[in-house]
Amino acid sequence: MKLAIVIPCFNEQEVLPEIAKRLKELLQDLIKKNKISESSYILFVDDGSTDETWSIIAEFHQNDKLYNGIKLARNVGHQNALLSGLHLAKNKCDAVISIDADLQDDIGVIEEMIDKYQAGSEIVYGVRSSRKTDTIFKRATAKIFYRIMLFLGVRTVYEHADFRLLSNKVLLELAKFREKNLFLRGIVPLIGFKSEKVYYKRGKRFAGKTKYPFSKMIKFAMDGITSFSVRPMRMIFMTGIVILFISFLSFIYIMISYFRGGNIAGWTSTMISLWFLGSLTIISLGIIGEYIGKIYSEVKDRPLYNVEETLLDSSKE
Ligand code: UDP
Ligand code: MG
């Protein structure tokens, strides 16, 4: 089995030598155990780094063809960088494992991932059983994000980031998703296939600083939500209906106070039209939203199905 390891790197000069060394040891060990073939390799994706990242990768490649790299022309963000690596590895391996450069993900479970792949899983998720080393803030915001995603009906794997094994079959299906806002953590479960999980303790960043400041986290979360769910738009429509109901109640109240007398001239008609027009506006927005939602899913042009296996006699081709 030919394994590819894809690692997005953005200004990771401090950690690169270490992860390169550790992964090489691991791969050599796995080759010895006959779990992976000698043609297995590591693929670094330099996501437009401004430090020495690329020259380090180039030097690795010079000395050892186990190390390979692609240099993106500019910084496109973790998800897109990862995706470029996955696209490149497609048809150039039997399975690919994606992992962060900073050694927060435990490379010790890679062997288990391969075992699960050999046992028939096409996808193996690395799931954090503990993330004590992350700040309380990071854990809390991550939790809120998962909750919101779940509420909006987006299936993600809890406590799983982008440390996972994908078989080449899955890579081929993934390439059919042509949308520009690709949110891998949502797309991979959506593709289907037999999947398994392996658990690991998330460690501290080996060196360097996080490349995900709060502003990027917010953007990531917003992208994840808006590229997957039309529910926020649907909520507009429901709000309109609720306000329409309230406007009926207020109509009754307003009429009662009108017949009791004592209303200031003009108040009755102003109040009634205020509520009715308000609900009408919001309902109209909701209806327009429904159509935009349709356009949104058409524009995404997602594959309607992903094929896992075909049993087709060759004479039927
Ligand atoms: N990364 C990237 N492009 C970016 C930001 C991050 O390729 O614009 C890479 C980074 O080098 C690392 C991985 O994505 O390998 C995860 O980033 P980081 O560890 O900083 O995120 P955190 O673990 O703090 O969420
Ligand atoms: Mg990290």
Expected vector for region 249-255, Karplus 3J(HN,Hα) from phi with 6.51, -1.76, 1.60 and θ = phi - 60°, integer Hz, x for Gly and Pro, equals 4, 5, 4, 4, 4, 5, 5
Counting every C-alpha pair in region 160-298, the percent lying more than 27 Å apart is 53
Per residue, the convex hull enclosing the Cα atoms of region 1-137 spans a volume in Å³ of 121
Here the gain from full extension of residue 18 to residue 59, 0.36 nm per residue of separation minus their alpha-carbon distance, amounts to 13.3 nm
Spelling it out for residue 41: with amide H atoms placed in the peptide plane at 1.01 Å from N, the residues 5 or more places away or on another chain with amide H under 5 Å from its amide H are 3, 4, 5
With -39,500 (n - 2.57) per DSSP H segment of 4 or more residues and division by the full residue count of the chain, the 222 nm estimate, nearest 500 deg cm²/dmol, is -16500 deg cm²/dmol
Shape descriptors of the chain over alpha-carbon atoms, Rg and Dmax in angstrom, are 26.1, 94
Computed ³J(HN,Hα) along region 19-31: with the Karplus parameters 6.51/-1.76/1.60, θ = phi - 60°, integer Hz and x for glycine or proline, the list is 5, 4, 5, 5, 5, 4, 4, 4, 5, 4, 4, 5, 5
The helix 53-63 Cα axis meets the longest alpha-carbon principal axis of the chain at an angle in degrees, between 0 and 90 and rounded to 10, of 30
Excluding ligands, DNA and RNA, the carbon-plus-sulfur percentage of the accessible area of the chain with a 1.4 Å probe reads 61
Honestly region 135-234 on the Cα gyration tensor test (a ≥ b ≥ c root eigenvalues; a/c under 1.5 rounded, otherwise a/b vs b/c for prolate or oblate) is just oblate
In Å², rounded to a whole number, the accessible area per residue of the chain with probe 1.4 Å is 55
Listed by chain and number, the lysines with an alpha carbon less than 28 angstrom from that of residue 132, same-chain partners under 8 positions apart left out, are 21, 24, 116, 143, 197, 201, 204, 209, 211, 216, 219
Classified through the alpha carbon gyration tensor (a ≥ b ≥ c as square roots of its eigenvalues; rounded if a/c is under 1.5, else prolate when a/b is larger than b/c, else oblate), region 62-104 comes out rounded
The FRET efficiency for residue 181 and residue 290, from their Cβ-Cβ distance with R0 = 22 Å and rounded to 0.05, is 0.60
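The values are calculated or read from the model by the stated rules, or taken from the named source; none is laboratory data. On a predicted model such as this, the values are computed, not experimentally measured, just so you know. So basically every Cβ, Gly included, is an ideal-geometry build from the backbone, and we count neighbours across all protein chains shown. SASA here: full protein model, heavy atoms, side chains in, ligands and nucleic acids out. Shrake-Rupley method; radii C 1.70, N 1.55, O 1.52, S 1.80 Å.
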